[in-house]
Amino acid sequence: MTTATPPAGWYDDPEHGDQLRWWDGVAWTDYRRAAGTSVPAEQCAAVAQSTASVAEPQPRAQTAPASTAELASAGDRLLAFLLDLVFGVVLFLAATILGAIGSVLPDALAGLFGFVVIVGVYAVLFISEVMGVGRLGQSYGKHLMGLRVISTHDGTSVGSPAAFGRNLIRMIGMYVFFLGVLWILWDPQRQGWHDKVVSSIVVTDPSPTKLDPVAYLRAIFDA
């Protein structure tokens, strides 16, 4: 009697309990991701197969990725942007509090402490806005809103270099009377200038699991 194998999909990784691993329907592949995150269906279809021989997985209950991507609304994108601003403000408020605590140190140490705190804040913002969008397709604000930035070419994440350029062009578009951002309102693909330059679109990607900031940052490095 032949035992049916599970269909292709994401399952608990038997080698790393805190990750999911792609089962192609026949064998495990080498593609892994952190539990609690998701990837577009287009990327799932393009996952490379491997010849690793591991015991068959047990299915994990989760929402299957959508077969078609729905463009995010301008309103949802604005809310995600505002959430990212709030995230940044909270970080700078925390830096201010830490700076006040560090002021009791000797002058030389207080200056060094303040420098390290500010660098840390900008590092976290860079990780969210560049690495998060580049690797996961999501800044923290987009993660909370269930939005994802994907490439128009293959539906995968755009990568950190493109994400950096995307943020730079967005800033330029905002300085030009916000025209680069307002372009989303009448563009058929809801692309701003920053989207067109790196060939990206923003789609809805609802996830039942919302990560706290620390888990989100960890997921970026695990991606």
Q | Percent breakdown of C-alpha pair distances by 10 Å bin, ordered from the shortest bin, for segment 161-220 | A | 22, 37, 31, 11
(Q) Explain nothing, just compute: Karplus ³J(HN,Hα) = 6.51 cos²θ - 1.76 cosθ + 1.60, θ = phi - 60°, for every residue of segment 183-200 in order, whole Hz, x for Gly and Pro. (A) 4, 4, 5, 10, 6, x, 9, 6, 9, x, 4, 5, 6, 5, 5, 9, 6, 10
Q. Lys/Arg Cβ at +1, Asp/Glu Cβ at -1, dipole of segment 74-222 taken about the Cα centre: which of Gly132, Ser157, Ala94 is farthest positive-ward?
A. Ser157
Q. For the residue pair His16 and Val116, what label-to-label distance in nm results when each label sits 7 Å from Cα along the Cα-to-beta-carbon direction?
A. 2.9
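Every number here is computed from the coordinates shown, using simple stated rules; none is lab data. Keep in mind that what you see is a predicted model, and the values were worked out from it rather than measured. Positions of Cβ are backbone-derived with ideal geometry, glycine not excepted, and every protein chain shown enters the neighbour counts.
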